[in-house]
Structure formats: structure tokens, C-alpha cells
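All remarks here apply to the structure that follows.
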Amino acid sequence: MATPVDQRHPAEVARERLEFHTFIAPDHVERTLIGGVEWRKEFTDVRLHITNHNDFDLENVDFLVRFDTEVAKAAQLSEIPDVNLLAISGDPPGLVYSSLKYKDASGKEVEEEPAFRAIAVPAYRVLCKRLLRGHPLQIVFATAALETEEKDGVSLTAIDRFAYPRKRPTTMQISGVYEGTNTDGKHIHRDIGTGTFKY
């Protein structure tokens, strides 16, 4: 089970009554389907459960989840409707892209865009239209590290190869906002700031 590193003021936590529970699950046999994700030996199974303990439903939940490794896949394990998990790509220094250079019929030099994207991304955005009271949103993240190599003093990260032996994540960061209408009929909008969990 992960331990929260950054603690907010107790009154703020009590007011929100939103619980984040994250842990690393046991390993799986290769090709096992976990929430529709076909497992590979390079993956680490990281779970995130988000539970609304308020006495009202939350709306427009929008969180960014980031690890100190990349994420290959993410999937919802609960059955909450209107949940979207969006891969957030990035272009870190040293990322190796596959491109194609050639001359066209007129002899002009042409360079095409990369033929594929990275097989893992640095973060995922979690969008949930409505998080009901007491119904945890359960997500599985298949984390994995992309292979890196040193070349001429520069660290290069491949986009099409996972590192093995695998690298497990040691931290998760989560930030974001949500809305809701409390029992007094007052509309609230909360920014949870950034919380860091250590595995």
C-alpha cells in the first residue's frame, strides 16, 4: 500500500472527504487480460481507487496521474459510466523517433512525421462525469519503463522498446479538480492540489 507524502491541512481533507488508495498488485502471467489490458512481463500492476465519502455526488472529476516511470496502458476495473482515461504524451529530451527522409519526384527533400507514437506515456488524465457516493472508481495502470541508452554522453529513450528487467514505480503524483452540489444546495469547485504517494 502506498503512503501519502504530501499532507494537506486536516480540515481541508475532512471537508473534501475524497479518498485515494493506491497499491502495487501481485504479478500476472503474461497475456493475462486485466481490465482488457493484455499483460506483459515488463508491466507492473498499479491500482488506484478513488472513493467519494461526501454525502453528495461529485461531478466533472478531472485528475492527472503521473508516475516516475511511464504508463503503457490504463483501464477502469469498476463499472462507472462516463469515465475516460486519456494518455498524455510528451516529448522529453532524448526521445528517439522513427522518421523517413527521401526525395520526392521534383527532387525536393521530404521528411515524414514519425510512423508511430511511443508505446508508453508519462501520464494519464482521468475524467469522470459523476462519481457517486460510496462507489469507488477503480483503475489499473500498467506501468513500464522505456528502454534508455547512453550515446556520446547523451541519454536516449526509445519509444518502441520496454526496459527489462522491469523498473517498478516508486512514486505516484495526482492533481486535479472536481465539482458538486452539497446538501445545502451550494455548488462547490475544489482543486485538490498535488498529492504524492510513495510505494
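Accessible surface for Tyr164 stands near 130 Å², nearest 10, in the context of the full protein assembly shown (1.4 Å probe).
Taking only alpha carbon atoms, the stretch 137-182 gives an Rg to Rh ratio of 1.21, where Rh is the Kirkwood radius.
Once all protein chains are placed together, Val29 keeps about 110 Å² accessible to a 1.4 angstrom probe.
Heavy-atom accessible surface of Thr194, to the nearest 10 Å², is about 80 Å², with a 1.4 Å probe and all protein chains retained.
The slack between Glu59 and Thr194, meaning 0.36 nm per residue of separation minus the straight C-alpha distance, is 46.7 nm.
What per residue convex hull volume, in Å³, do the alpha-carbon atoms of the stretch 109-199 yield? Working shown, then result.
On the way: hull volume 18.7 nm³, N = 91.
Enclosed volume per residue, from the Cα hull, is 206 Å³.
The label-point distance for Asn84 and Thr183, in a model that sets each label 7 Å from Cα toward Cβ, rounds to 3.3 nm.
The values are calculated or read from the model by the stated rules, or taken from the named source; none is laboratory data. Since the structure is predicted, the reported quantities are computational estimates derived from the model, not experimental observations. Here Cβ is always computed from backbone atoms with ideal geometry, including for glycine, and neighbour counts include all displayed protein chains. Areas reflect the complete protein model, heavy atoms only, side chains present, ligands, DNA and RNA absent. Shrake-Rupley method; radii C 1.70, N 1.55, O 1.52, S 1.80 Å.
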